[in-house]
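Asker: The structure's right below; bear with me while I get my questions together.
All of the numbers you see were taken from the coordinates with simple rules; none came from a lab. Everything numeric in this text was worked out from a predicted model, so none of it was measured. Don't worry about glycine lacking a Cβ; one is built from the backbone with ideal geometry, like all the others, and counts go over all protein chains shown.
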Amino acid sequence: MKKFIYLAVLGSLLMVLSACGSSESDASGSEENTETKDEITIGYFPNINHVAGMVAEEKEMYSEELPDGTTVNYQYFPDGSAFMTAVETGEIEGGIVGPGPAMNHYVSGANINIVAAGSKGGTVIMARNDAGISSPEDLEGKTFISPRVGCTHDVQFEAMMKDEFGITSDRVKGEMKHVTGKPATYASMFEAGRVDAATVPEPWASKIEADGSGKVLVDTPEVAYGETLPAAVFVTSNDLKEENPELIQNLVNAHKQATDFINENPEEAKTIAQDKIKEITDQELSAEVIDSAWERIDFSYDVDESVLQDFANSSYDLEFLKEKPDLDGLVDKSFLEN
């Protein structure tokens, strides 16, 4: 059974790389000799926002778009930082991640590009039932959990709390205590009373609801950038894009095909998501949980660069970024237009 791949010791996993590719020979650098990869690896998370990755894997859409004989592998990540490290080191050719990690690594000097979006929405603020929380103002002095410091859901939550309620976390000498953990564990952490609130990607918010361990405190439309921000984006390295644009076009074509499939065949896509999440996380989600999560998601591959810049500015205001960000060059929509 496939498990999460933790990237603690990257050096032992890497082969000799040219730019950010996997196993390949050195490129000649000429346009006439565009490299052909015999093997590629795609990454994504076991979240509803990443269903395009699950559908593309199940339906072998990447294999269909790539040259005959290309082997396609998949890695499943617990957080965006691990994913971005894998892109930068070339352990994966690309895949789906939240915009927060992509943006943070880009402004820190990572040579990467967003070439498509994956979905919008799906972030929910949940409160533990017996934590004495009936409104966001009650979060002062409470402990909340997010997948990672500065991740997409973390920024959405903290931007909302700071801008609307004047409450911040202990990261910036504020009143809320912040801890991190995998979203699939949030329901059990609520049940054990280890955290009071969570900023949660779907389907794990609906899982908490179904289990009865927590309640919706702030639903998707009211969370900062809840319905406008791409909740997932398709990322690859700029070096790989320049060396092998045909490969990136193939990957984007498969990603678009998967997104269209989700919108045209929602019930089958739900079943695929349900099965893949069980395979990856060992957690079986009911059809009711999947249905509830689906209602909070809009599957789209279009990217709004202005929303990403606004989101980046919020990350800077929260001191996740040391310098005011300029995302010019991060997004390359040319592959969506072909």
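Asker: Could you tally the net charge around Phe190, taking each other residue with its Cβ under 13 Å from the Cβ of Phe190, Lys/Arg +1 and Asp/Glu -1? All intermediate terms of the calculation are to be shown ahead of the outcome.
Answerer: Values: positive: Arg128, Lys142, Arg194, Lys207, Lys215; negative: Asp130, Glu191, Asp196, Glu209, Asp211.
Within the 13 Å Cβ shell, the charges total 0.
Asker: Sticking with this one: Helix 266-281 versus the longest principal axis of the chain: what is the Cα-based angle in degrees, 0 to 90, to the nearest 10?
Answerer: 80 degrees
Asker: To continue, here is another question. Name all residues of segment 189-213 having a backbone nitrogen under 19 Å from the label point set 7 Å from the Cα of Glu295 along its Cα→Cβ direction, giving them as ranges.
Answerer: Only 200-213 pass the distance filter.
Asker: Using the alpha-carbon atoms, what tilt in degrees (0 to 90, nearest 10) does helix 245-264 show relative to the longest principal axis of the chain?
Answerer: For helix 245-264, the angle is close to 50 degrees.
Asker: Pull out the extension gain between Asp163 and Asp317, defined as 0.36 nm times the separation in residues minus the alpha carbon to alpha carbon distance; nm, one decimal.
Answerer: Values: separation 154, 0.36 × 154 = 55.44 nm, distance 1.02 nm.
Full extension from Asp163 to Asp317 adds 54.4 nm.
Asker: Let me ask something additional. For a test of understanding, tell me how many lysine pairs in segment 230-303 have Cα atoms under 23 Å apart, given they are 8 or more places apart or on different chains.
Answerer: Numbers: Lys241/Lys256; Lys256/Lys270; Lys256/Lys276; Lys270/Lys278.
Value for segment 230-303: 4.
Asker: How large is ³J(HN,Hα) for each residue in segment 178-187, as worked out from phi by the Karplus curve 6.51 cos²θ - 1.76 cosθ + 1.60 (θ = phi - 60°), to whole Hz, x for Gly and Pro?
Answerer: Karplus-based 3J(HN,Hα) across segment 178-187 equals 10, 10, 10, x, 6, x, 5, 9, 5, 4 Hz.
Asker: As a test of the formula, what do you get for the chain when each DSSP H run with n ≥ 4 contributes -39,500 (n - 2.57) and the sum is divided by the residue count, at 222 nm and rounded to the nearest 500 deg cm²/dmol? Intermediate values should be presented prior to the final figure.
Answerer: Values: 12 runs with 118 residues, N = 338.
For the chain, the value works out to -10000 deg cm²/dmol.
Asker: Follow-up question, since we're still on this one. Between Thr70 and Ser135, what is the label-to-label distance in nm when each label sits 7 Å out along the Cα-to-Cβ direction?
Answerer: 5.4 nm
Asker: List the residues, sorted by chain then number, that are 5 or more residues from Thr143 or on another chain and whose placed amide H is less than 5 Å from its amide H.
Answerer: Distant-sequence amide H within range of Thr143: Lys177, Asp196, Ala197.
Asker: What are the residues whose amide H is under 5 Å from the amide H of Gly95, where those residues sit 5 or more places off or on another chain and H is modelled from the backbone?
Answerer: Those qualifying (amide H under 5 Å, at least 5 residues apart or on another chain) are Gly43, Val235.
Asker: Which ³J(HN,Hα) values, rounded to whole Hz and listed in residue order, are derived for segment 199-210 from phi using the Karplus coefficients 6.51, -1.76 and 1.60 in 6.51 cos²θ - 1.76 cosθ + 1.60 with θ = phi - 60°, glycine and proline given as x?
Answerer: 9, 10, x, 6, x, 6, 5, 5, 5, 4, 4, 5
Asker: Per-residue HN-Hα couplings for segment 219-229, Karplus 6.51 cos²θ - 1.76 cosθ + 1.60 at θ = phi - 60°, whole Hz, x for Gly and Pro?
Answerer: Once θ is set to phi - 60°, the couplings for segment 219-229 become 7, 3, x, 8, 6, 3, 6, x, 10, 10, 6 Hz.
Asker: Once you place label points 7 Å from the Cα toward the Cβ at Ala210 and Ser286, how far apart are they in nm?
Answerer: Taking the two extended label points, one gets 0.7 nm.
Asker: Still on this structure, I have one more. Could you check what % of the DSSP bridge pairs in segment 123-222 are antiparallel, to the nearest 5? Please list the in-between numbers first.
Answerer: Values: 9 of 16 bridges.
Restricted to segment 123-222, the bridges split so that about 55 percent are antiparallel.
Asker: Follow-up question, since we're still on this one. Kindly express, to the nearest 10 degrees and within the range 0 to 90, the angle between helix 305-317's C-alpha long axis and the longest C-alpha principal axis of the chain.
Answerer: Roughly 50 degrees between the two axes.
Asker: Then there's this: Under a Cβ-only charge scheme (Lys and Arg +1, Asp and Glu -1), can you give me the dipole magnitude of segment 123-222 about the Cα centre, in debye to the nearest 20? Please report the intermediate quantities before stating the final value.
Answerer: Details: 11 positive and 17 negative charges, 93 e Å.
Its charge dipole is roughly 440 debye.
Asker: For the chain, modelled as a Gaussian network with Cα springs under 10 Å, which listed residue fluctuates most, Asp275, Asp219, Asp170?
Answerer: Of Asp275, Asp219, Asp170, the most mobile in the Gaussian network model is Asp170.
Asker: Looking only at the chain, where both bridge partners belong to it, what percent of the DSSP beta bridges are antiparallel (to the nearest 5)? Provide the component values of the computation, followed by the final result.
Answerer: Numbers: 22 of 38 bridges.
In the chain, DSSP labels about 60 percent of beta bridges as antiparallel.
Asker: Could you list which residues have their amide H under 5 Å from that of Val331, counting only those 5 or more apart in sequence or on another chain, with H placed in the peptide plane?
Answerer: Placed amide hydrogens put Ile114 under 5 Å from Val331.
Asker: Which of Gly95, Gly109, Gly214 ends up with the largest GNM mean-square fluctuation for the chain, with Cα atoms connected below 10 Å?
Answerer: Among Gly95, Gly109, Gly214, the largest mean-square fluctuation in the Gaussian network model of the chain belongs to Gly109.
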